Every structure is written in structure tokens, then in C-alpha cells.
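> Have a look at this one before I ask anything.
The values are calculated or read from the model by the stated rules, or taken from the named source; none is laboratory data. All figures in this text were calculated on a predicted structure; none of them were measured in a lab. Neighbour counts run over all protein chains shown; Cβ positions are idealised from the backbone, glycine included.
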Amino acid sequence: MKLWGWSTSCSLVRSIFMQLQEGTASYTIMIEFLLLTLLISLGQTSPNNSLHADEGNTTLSQLEIIGDETQSASAKAQIELPTRDASLEKCMMPCELTAKLMKEEKQSLCSVSFSGNLQNSLVSYTRSTRKLIRDMMDEHQRSLEFLSTQVRELMNKVQAISTEALRSNAEIFSFKPVPSHGRDCSDIKETMDAISKIPSGIYIIQPEDTDYAFEAFCEMDYMGGGWTVIQRRTDGLTDFKRVWIDYVDGFGHLPGEHWLGLRKVFSIVNQKNTHFQLHIALVSQDDTTAYASYDNFRIDDETKFFTIHLGRYAGSAGDAFRGYSQEQNQDTAPFSTSDVDNDGCIPLCTFEGQAMESCSIRQNHTGWWFNQCGLSNLNGSPLDSDLSSQPHIHWDTWTQNGVAVKIKAVTMKIKRIYSPVSN
């Protein structure tokens, strides 16, 4: 090998040595490789090359120094390697711990993220559920309001139909006044006698010596016809709790329930050369019928409070007008109301074991020919608390098994009679 080869080899050795120190080469392999290269180089050197003996010695010295350094580096490497391995081991634990911590932190972050997403989902679900419930409740409320409106309309229609049906039952006759005039229904019947069947209904009458005409309901097919209806009770739609002026002028609906009026009745029954019969037709709650009839019926004028006068009684319901004693006798009694009290209770009357000042007030403010109350009141009105349980139309001489019959309907009607009056 040439001398420059030694120099090159030394440079190579130094380069490898530096790599060994830096830990970038395997010590064992590198050292074996360098030693082998040096031996080969020494074996190829010429002995005659004395010119360079000093230089060779110098080289050997350098090799020895390199060898020593190599051995020192090898030893140092052997000492440093365990240290490096220990450092690596020391590094491994923190790295594993760090990795574990990072993994746990990631899991924690994921868990937190999942919890947050779950909470948001629950909040969103709750809000949507509440909105759905509110919408359903609103829809339900609208449906209820619609149904309530429909029910109210149906109830109004049913009530209207029921009222119309009740009135139709009572108004099977003509509503409009028939354009025919007479002094009363008996006179109209005689005037129209040429007609084979005279209809019942509302007619215009003008009694003799009166300057006004008025409507009245005439029954033309009951017991020979010619009856002027002065009172009718059927369905309870007309309130008979009235004051004096109402009973004087009349009220109600002529084809149905009504009171013709005391002034009109007086003008009919007080015509010259006439006598009238009063007929009372009664219907019980079980549809049993009875009647009471009085001939020579008349009433006085308003100055005498329309005092009633009755003739002979006939019938199946008993004479409740006269009762069973003088205290119960209503014949020749003036008409009385709650505001015009003529009932003879001075100062008090006894009725059904109770003391009272007014028979009208005792019988729910209705008007009648009271005489210390008595046994009859065909205008009676039920108390608000006794609408169905207590009888209110009184004709207490009509009895069954000793108990007064409950009356649901009554008609008072008058008709001309021409038989001579007995003295």
C-alpha cells in the first residue's frame, strides 16, 4: 500500500471512530473491518521501503494511538451503551404513561363530547315533544270548541223544534183571525150555521155595546161548538205569575196557553138578554178527564174587582168553587192578585195548617177568586223548587182514594144559553 493509502486509511478510521462516538455505526463490525484493513495494508508494505521507515514508525505510532483510542472508545461505548439503554428504559415509562394519559384524555374528551351531544339531543327532543304536545292540545281545544258550538246549535234547534211541536199540538187550529165578526163565539156559530163544518180557531168578536173588537179562540167542535175560551193551561210555557193589570188585560198565546182577560170576559157575559154557561174541562197527569159546569155565569165590572157569580153546578170533578164549607166558598168572591189583595184574609188566613196574609203570595203570586184561599185555583203556578213534585193547578174536590188528583191541563170556556133563569 502506498503512504497516501495509510493516510487515507487513517482518515477512514477517524471517520468511523467519529460515527462510533455519535452512535451511528455498530462498534464490533466497524472495529473488525478496520483492523482487517490495517493488517492487509501492513502485509502489502515493502521492507525495502526504508526511505519511509520513520514515517512508517510514525504511522504505527498513529495506529497504536488509534488502537488505543479505539479500545478506549470501545470501552467507553460499552460503558455508554448500558447508560443509553437505561435512558431508553427511563424514556419508555414516561412515554407509555404519556400515551396512556393521552389515550385516557382522548377517551375523556370523547366521553365529554358524547355527553354533550346526548344532553343536546335530550334538550332538543324535550323541546320538540313539548311543541308537539302544545300543538295537540291546541288542536284538541279547537275541536272541543267546534263540537261545543255544534252541540249548542243542535240544542237550540232541538229546543226550537220542541217548542214548535208543543205549540203545534196546541195550535191545531187556525192562527190567523177568521174574517167573520160576531158578538161572541156562540153568535158566530149561529151566523155560520149554514156551513156544515165550522173550524175552530181565532175569530174577531165585538160584544154588544162595546166600542172595540178583539180576538178570541172559538171551539166549534166541542159539545155543539160556539165556546169562547177564556183560559187554557197545557204545556206550562206561559207564566201565570202575574200582577193585577195582566189579569185584567189578558196574556199568553190564544192557540195555546192564555188568559183572555177579565175586562173582555166582562164585556161578553154582560151583554143584554144573554146568559152564559161556564164549563171547566180537566185532564190529569195520567190522562183521566173530568169536568165542572156552572150555568148563569157572570162577573162584575172592575169597580167591584170582577166578582164572580156562579149558577148551578154539574159535572164529575166536584164543586171546588164552593168547597165543603162556607170558609172555602169562592162564589161571589172578588178577583185577587199579589198586588191587589181581595182574598178576605183579615188579618190572616189559615191554609194547610199555615197562617198567611195573602193567598196569592202563598200560591206563587198567581191571580184567582180567592176567599180565604179555598179549594180551587186553575191559574196556579209551581214553586221553583217544586216544578215536578207538587200539584199547582188546584181543583181539590176532584179526588182519587181521598187524594187530590194532579192536574196537567185545563180549559175554561163560556157559551150562550137561552134557558130562562130560575128565581
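> Tally up the residues in segment 279-297 that are part of a loop (DSSP other than H, G, I, E, B) and touching a Lys or Arg at 6+ places or on another chain (Cβ under 7 Å), please.
Within segment 279-297, residues that are part of a loop (DSSP other than H, G, I, E, B) and touching a Lys or Arg at 6+ places or on another chain (Cβ under 7 Å) number 1.
> Are any residues in segment 186-203 modelled with pLDDT of 90 or more and outside any helix (DSSP H, G or I), and if so, which ones?
Within segment 186-203, Pro199, Ser200, Gly201, Ile202, Tyr203 qualify.
> Search segment 270-295 for residues that are in contact (Cβ under 8 Å) with a residue 24 or more places away in the chain and aliphatic (A, V, I, L, M) and pair each with any residue that is assigned to a loop (DSSP other than H, G, I, E, B) and surrounded by 17 or more Cβ atoms within 10 Å (Cβ to Cβ) when their beta-carbon atoms are under 6 Å apart and the residues are at least 6 apart or on different chains.
Here the result reads Leu282/Ala317; Ala290/Ala317; Ala290/Trp398; Ala292/Ala317, each pair linking segment 270-295 to a residue that is assigned to a loop (DSSP other than H, G, I, E, B) and surrounded by 17 or more Cβ atoms within 10 Å (Cβ to Cβ).
> Across segment 298-319, what is the number of residues that are among the aromatic types (Phe, Trp, Tyr) and closer than 12 Å to Trp369 by Cβ?
2
> Which of the residues that make up segment 236-247 are at pLDDT 95 or above and either hydroxyl-bearing (Ser, Thr, Tyr) or buried (at least 21 other Cβ atoms within 10 Å of the Cβ) (or both)?
Result: Phe240, Arg242, Tyr247.
> Collect the residues in segment 360-372 that are surrounded by fewer than 19 Cβ atoms within 10 Å (Cβ to Cβ) and outside any loop (DSSP other than H, G, I, E, B), keeping them in residue-number order.
Ile361
> If a residue must be part of a loop (DSSP other than H, G, I, E, B), modelled with pLDDT of 85 or more and not small (Gly, Ala, Ser), how many such residues does segment 373-388 contain?
First, the residues of segment 373-388 that are part of a loop (DSSP other than H, G, I, E, B): 373-375, 378-383, 387-388.
Pick out the ones that are also modelled with pLDDT of 85 or more and you get 373-375, 378-381.
Filter once more, keeping what is not small (Gly, Ala, Ser): 373, 375, 378-379.
Number satisfying all stated conditions: 4.
> May I pose another question? Here's a check for you: in segment 389-416, which residue that is within 25 Å of Ala333 (Cα to Cα) and at pLDDT below 90 is surrounded by the fewest Cβ atoms within 10 Å (Cβ to Cβ)?
Pro391
> Name the pairs whose Cβ atoms lie under 7 Å apart, with the first residue in segment 194-214 and outside the structural domain of Val229 (by TED's automatic domain parsing), the second surrounded by fewer than 15 Cβ atoms within 10 Å (Cβ to Cβ) and of a type in the set (A, V, I, L, M, F, W, C), and 6 or more positions between them or separate chains?
Short answer, once both residue conditions are applied: none.
> Against the condition basic (Lys, Arg), crowded, with 16+ Cβ neighbours inside 10 Å and more than 28 Å from Asp287 (Cα to Cα), how does Lys272 come out, does it pass?
no
> Here's something else I'd like to know. Out of segment 298-342, which residues are surrounded by fewer than 17 Cβ atoms within 10 Å (Cβ to Cβ), part of a helix (DSSP H, G or I) and modelled with pLDDT under 95?
Residues satisfying the conditions are Gln326, Glu327.
> Now, a different point. Could you list, in sequence order, all residues of segment 226-278 that are under 37 Å from the mean Cα position of the chain (by Cα) and either part of a loop (DSSP other than H, G, I, E, B) or hydrophobic (A, V, I, L, M, F, W, C) (or both)?
Residues satisfying the conditions are Thr234, Asp235, Gly236, Leu237, Thr238, Asp239, Phe240, Lys241, His253, Gly256, Glu257.
> State yes or no: is Glu357 exposed (fewer than 15 other Cβ atoms within 10 Å of the Cβ), in contact (Cβ under 8 Å) with a residue 24 or more places away in the chain and not aliphatic (A, V, I, L, M)?
no
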